[in-house]
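The values are calculated or read from the model by the stated rules, or taken from the named source; none is laboratory data. Quantities reported herein were computed from a predicted structural model and do not represent experimental measurements. Ideal geometry is used to build each Cβ from the backbone, glycine not excepted, and the neighbour counts take in all protein chains shown. These accessible areas exclude ligands, DNA and RNA; they are computed on the full protein's heavy atoms, side chains included. Shrake-Rupley method; radii C 1.70, N 1.55, O 1.52, S 1.80 Å.
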Amino acid sequence: YIAIRTDVTRNIKIENELMKAKEEAEYNNMALSQQKDALDSHSIVGITDVKGTITYANSKFSEISGYSNEELVGANHRIVNSGTYDESFWKEMYSTISSGQVWHCPAIKNKCKDGTPYWVDTTIFPFMNAQGKPESYIAIRTDVTRNIKIENELMKAKEEAELAVVAKADFLASMSHEIRTPMNGVIGMLGLLSREDMSKRQAEHVAIATASATSLLSVINDVLDFSKIEAGKIELETIEFDVKNEIENFSKSIAITVKNSDVELLLDLSGITHPVILSDVGRLKQILNNLVGNAIKFTHEGNIIIKAVMEDTQEMKTKLTISVEDSGIGVSEDKLKTLFDAFTQADSSTTRKYGGTGLGLSIAKNLVELLGGELSVESELGKGSIFSFYIEVEYSNNQPLNMPITDIRGKRALIVDDNKINIDILKRQLELWDIEVTVAMSAKETLEICNQRSEKEFFDFVVLDMQVSDMNGEALGEKLSAMPKAKDMKMIMMTSYGEHENIDKLQVKGFHAFFMKPTAVSDLYDALLVLTDRDDVVFKDEKILTKSKLNALLPVEIEKSKNVKILLVEDNQTNQLVAQGMLETLGLEADIANNGQEAIDILNTSTTHYDVILMDCQMPILDGFAATKAIRDKQCGDIYSKTYIIAMTANAMEGDEEKCLAVGMDDYVSKPFVHEVFKEVLFKGIHLLK
């Protein structure tokens, strides 16, 4: 046999490689087909030449656009152009892809065959030739129509919500104006009436009417404050103030509401170590007003204690904690969780005993949080509640001396009161001033203590409560003053609101001073001035005052104001009478203009030169804003372009004050007028006159 063999190993290897390459190509084609199917099922794919003629369109392109594949291929891509975009938009796109870069736009508006719009997220890739020039473009698009529609709906809903907020704000501002205008007449006239001579019965009727009107105004303020908080329109101001004085003054102002009740309002500020702080005093008093007002409403006997303490947190900063504790009806455990919710009350039944908007605590909580703090409550049904809040505040470098005089240090004091809590508060304060304190809780105990004391160790002064369980303070004072060893002892009477009507009688019976509860540190200190040898101490009005303090109460502007000419611009006749009445109490008069246009006419024709203009904001024909702008624009001559203008408005919404100042008004007073605020703003303007 002859065997002739040829080596085909190389051929076999080539065949195997070709087979492998074929299999890989088939696999890649299958993978590419799958990828194309996946891409086609999700994306719109189109290929165009450099002139924009469609050379390829996938099925998704046809499905979304409504054109058949035959209609798309060969047509220019402008077939789906919605006409939304200007020429510069497309120039920028062509400039990008012509330079070989990828172009992307997250949402382009196209239109279907039937004219319906659709939006696509578009990415365009250029295919470049050997010369680096584009020869075709592939565009991959994702249908985002549903997302755009949702965004448009959300935008529309947002716009509608914003319009609703504006409408609500406009309504609240209108409601505020419409209610406050007559309320200004009611409260203003009652205030003027209360300054006139009346019988005791008439005075009581006026007081009841005033309290009712003030209560209504409180409801209005709650609604307005809540709306401002809800809209995020509350702005805080940081100013320097004496927190001890502010809390004391607040306590005095609210003490009238517990007059003739079995409730005692007490104040413990011995924990305030640095009284001058930086914070928002207005919001702080608003929080207190809500919490203490609530305590008064739900407490029928016992005590309401306002307590404040400071706890240093870091240099120049402290945590100010204020608590309001009452012995009232308390809150059940199941109601505590929702107590701070808006429009929520512990008793929301139709037969509920207590009124109110249910907004006070919600407002207080929001304000505390805005001041960087927290409000909490502890309560037990039938046993009372403790509302506590803290805020972070800064110390001021301008702190008063803790002990301004040395005359009272080392003195011996006797406190007589049947309220142990009040005794403890007074004792702590007096001991801070290095005074030796003895206490008694009845007239019998007082007399026993005094009888046991030697003349040498007798008390320098005694503080007597007007009402002690076994004898009133007046009678007890007579017994003490009859003791020979008490001849040098000073007697100070401590009264509740409304018990100070017979101060002349008290002076005749040997009392040297008195102050009202809740005990303000400043009042207690002033009362102790009787222990000094100063000859300028006088027995006057509600507490001991020095002659220098009495003189300071008379504004230096009064002399200056005698020749001041005032123009009152007000369309409401009742409010004209209120403003004129308040001016009369200050020894001032005003001419009247019934609207802004009438005011401009008067300024242009009158021979009288007006120094101050009281300008109402809401008026027919020409409102206060337009009238002020006209005056500032010298439509009444150069002489009035800088005249002091005080806005008077029944609106009390956020931004109202800024609006007044923006048109050129110098100051702002809100209706209903508070006499002291009206006086302060007016005298401030008079003081600034040259």
Checklist entry - Can residue 266 be described as of a type outside the set (Ser, Thr, Tyr) and under 30 Å from residue 466 (Cα atoms)? => result yes
Item to check | The listed residue being of a type in the set (Asp, Glu), modelled with pLDDT of 85 or more, farther than 30 Å from residue 183 by Cα and in contact with a Lys or Arg (Cβ under 7 Å, 6 or more places away or on another chain), out of 268, 242 | outcome: 268
Checklist entry - Which condition breaks for residue 658 when tested against (1) at pLDDT below 80; (2) crowded, with 20+ Cβ neighbours inside 10 Å? => result (2)
Checklist entry - What residue, of 249, 260, is outside any helix (DSSP H, G or I) and either among the charged types (D, E, K, R) or at pLDDT below 85 (or both)? => result 260
Next on the checklist: Given the condition over 20 Å from residue 576 (Cα atoms), among the polar types (S, T, N, Q) and open to solvent by less than 20 Å² (accessible area, probe 1.4 Å), answer yes or no: does some residue in segment 613-635 qualify?
Outcome noted: no
Checklist entry - Which of the residues spanning segment 80-106 are surrounded by 14 or more Cβ atoms within 10 Å (Cβ to Cβ) and closer than 14 Å to residue 141 by Cβ? => result 80, 81, 82, 93, 103, 105
Checklist entry - What pairs come up if the first residue lies in segment 666-686 and is of a type outside the set (A, V, I, L, M, F, W, C), the second is open to solvent by 50 Å² or more (accessible area, probe 1.4 Å) and modelled with pLDDT under 80, and their beta carbons are under 7 Å apart, counting only those six or more places apart or on different chains? => result 668/657
Checklist entry - Going through segment 574-597 one residue at a time, which ones are in contact with a helix residue (DSSP H, G or I) (Cβ under 9 Å, 6 or more places away or on another chain) and part of a helix (DSSP H, G or I)? => result 574, 575, 577, 578, 579, 581, 582, 583, 584, 585, 596, 597
Next on the checklist: Return the residues of segment 658-675 that are part of a loop (DSSP other than H, G, I, E, B), β-branched (Val, Ile, Thr) and touching a Phe, Trp or Tyr at 6+ places or on another chain (Cβ under 8 Å); say none if nothing qualifies.
Outcome noted: 663
Item to check | Test: residue 170 is at pLDDT 90 or above and of a type outside the set (Ser, Thr, Tyr) | outcome: no
Checklist entry - What are the residues in segment 603-616 that are assigned to a loop (DSSP other than H, G, I, E, B) and more than 18 Å from residue 633 (Cβ to Cβ), if any? => result 606, 607, 608, 609, 611
Checklist entry - If you check every pair at least six apart or on different chains, which have Cβ atoms under 6 Å apart with a residue in segment 294-316 that is without any contact (Cβ under 8 Å) to a residue 12 or more places away in the chain and farther than 17 Å from residue 248 by Cβ first and a residue that is outside any helix (DSSP H, G or I) and open to solvent by 30 Å² or more (accessible area, probe 1.4 Å) second? => result 311/319
Checklist entry - Does any residue of segment 407-417 turn out to be within 30 Å of residue 279 (Cβ to Cβ), at pLDDT below 90, out of contact with any Pro (no Cβ under 7 Å at 6 or more places or on another chain) and surrounded by 14 or more Cβ atoms within 10 Å (Cβ to Cβ)? => result no
Checklist outcome for this item: Exactly one of 420, 490 is closer than 22 Å to residue 327 by Cβ and either under 47 Å from the mean Cα position of the chain (by Cα) or open to solvent by less than 50 Å² (accessible area, probe 1.4 Å) (or both), and that residue is 420
Checklist entry - Mind checking which pairs have a first residue in segment 367-379 that is closer than 15 Å to residue 288 by Cβ and a second that is open to solvent by less than 10 Å² (accessible area, probe 1.4 Å) and among the aromatic types (Phe, Trp, Tyr), Cβ under 6 Å, 6 or more apart or different chains? => result 368/389; 373/389; 375/389
Next on the checklist: I'd like the full set of residues that are open to solvent by 50 Å² or more (accessible area, probe 1.4 Å) and either modelled with pLDDT of 90 or more or among the aromatic types (Phe, Trp, Tyr) (or both), limited to segment 118-142.
Outcome noted: 125, 127
Item to check | segment 244-256 residues that are under 17 Å from residue 321 (Cβ atoms), paired with ones that are among the basic types (Lys, Arg) and modelled with pLDDT of 85 or more (beta carbon under 9 Å, 6 or more apart) | outcome: 246/285; 247/285; 250/285
Checklist outcome for this item: In segment 506-549, residues that are of a type in the set (D, E, K, R), outside any helix (DSSP H, G or I), surrounded by fewer than 19 Cβ atoms within 10 Å (Cβ to Cβ) and modelled with pLDDT of 50 or more total 3
Checklist outcome for this item: Every listed condition ((1) over 18 Å from residue 527 (Cα atoms); (2) not in a loop (DSSP other than H, G, I, E, B)) holds for residue 474 save (1)
Item to check | Residues that are of a type in the set (Gly, Ala, Ser), buried (at least 17 other Cβ atoms within 10 Å of the Cβ) and within 19 Å of the chain's Cα centre (by Cα), drawn from segment 370-387 | outcome: 373
